[in-house]
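Contents: one structure, followed by commentary.
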Amino acid sequence: MNLPTEVFGEVVVVHSPEELGGEQAERFEEFLLGQERKRVVLDLDGTEMLDSLGLTALLNVQEALRALGGELKLATANASNRKILEITRLDRQLEVFESVVDAVKSFH
């Protein structure tokens, strides 16, 4: 899996795939954990389909990054994705921001 990324100092921004779940979840985790930087912002605005395996992948990545002294933060203005995170209460376990800029700034 190869996803678009941007680097802002010690933070890497990863733009999520259109579909996050199913068979992509494991490769998605590997991609995020394979980043050189351990402070990661995931931009979910491009994700059209987010299922339980995708949500589990987010939690797995968060746990692994924290063990390495890092952190995963989410950025999305997508109302559907925000609702999914709210309903599953993942918005209480992962920090969710309206914009990538706000998420990146929160690391400083």
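Every read-out reported here was derived from the displayed coordinates using simple, explicitly stated rules and does not represent laboratory data. Because the structure is a prediction, the values reported are computed rather than measured. Every residue, glycine among them, receives a Cβ derived from its backbone with ideal geometry; neighbour counts consider all protein chains shown.
With a Förster radius of 22 Å, plug the Cβ-Cβ distance of residue 82 and residue 10 into 1/(1 + (r/R0)^6) and report the FRET value to the nearest 0.05.
E(calc), rounded to 0.05, equals 0.25.
Cα convex hull of the chain: how many Å³ per residue?
Hull volume normalised by residue count: 86 Å³.
Under the rule of -39500 (n - 2.57) per DSSP H run of 4 or more residues, summed and divided by the residues of the chain, what mean residue ellipticity at 222 nm is obtained, to the nearest 500 deg cm²/dmol?
-11000 deg cm²/dmol
Only loop residues by DSSP count here, and only those with at most 12 other Cβ atoms within 10 Å; note down the trypsin sites (Lys or Arg not before Pro) in the stretch 43-108 that meet that.
89
Out of 70, 16, 81, whose Cα points farthest toward the positive end of the dipole of the stretch 5-105 (charges: +1 Lys, Arg; -1 Asp, Glu; placed on Cβ)?
70
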